[in-house]
């Protein structure tokens, strides 16, 4: 049976990135490392790939070189159960990175993430359209999402 994994292209930072991501998520682990053989553009024995898992999702960090870089066109969504979880992921992933708007951020390696509370879409697209519009307007004022403020806006 086929499986689906995600490959992230780095320029010499695959090992550091994998270690960082494993440190951010509770249910995470390093799965293995491969090294460049002789005859490739990188020094033989240097890290080629690092496989790791985050909450059951498998990733391969590849030291592919400077040809490609990340854009916000692809991001990883982290759905959080509490404000404490939103705060923790936001703090860790923005360390050395950049805060965006509306729950988006870019980490120190250039990877884009969305840190969102569970139930966000129900607030933004609920049956009460006026309440949803208030929640949307509240969200548009935020960088890191504030669950209580979004709920207050929805309920007001």
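Values computed for the structure shown
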| read-out | value |
| --- | --- |
| Residue count for segment 93-117, restricted to those that are surrounded by fewer than 16 Cβ atoms within 10 Å (Cβ to Cβ), closer than 17 Å to residue 25 by Cα and touching a residue at least 24 places away in the same chain (Cβ under 8 Å) | 1 |
| Boolean, residue 13 is touching a residue at least 12 places away in the same chain (Cβ under 8 Å), outside the structural domain of residue 114 (by TED's automatic domain parsing) and surrounded by 10 or more Cβ atoms within 10 Å (Cβ to Cβ) | yes |
| Failed item in (1) without any contact (Cβ under 8 Å) to a residue 40 or more places away in the chain; (2) within 26 Å of residue 13 (Cα to Cα); (3) surrounded by fewer than 13 Cβ atoms within 10 Å (Cβ to Cβ), with residue 129 passing the rest | (2) |
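The values are calculated or read from the model by the stated rules, or taken from the named source; none is laboratory data. Computed from a predicted structure; not experimentally measured. Neighbour counts run over all protein chains shown; Cβ positions are idealised from the backbone, glycine included.
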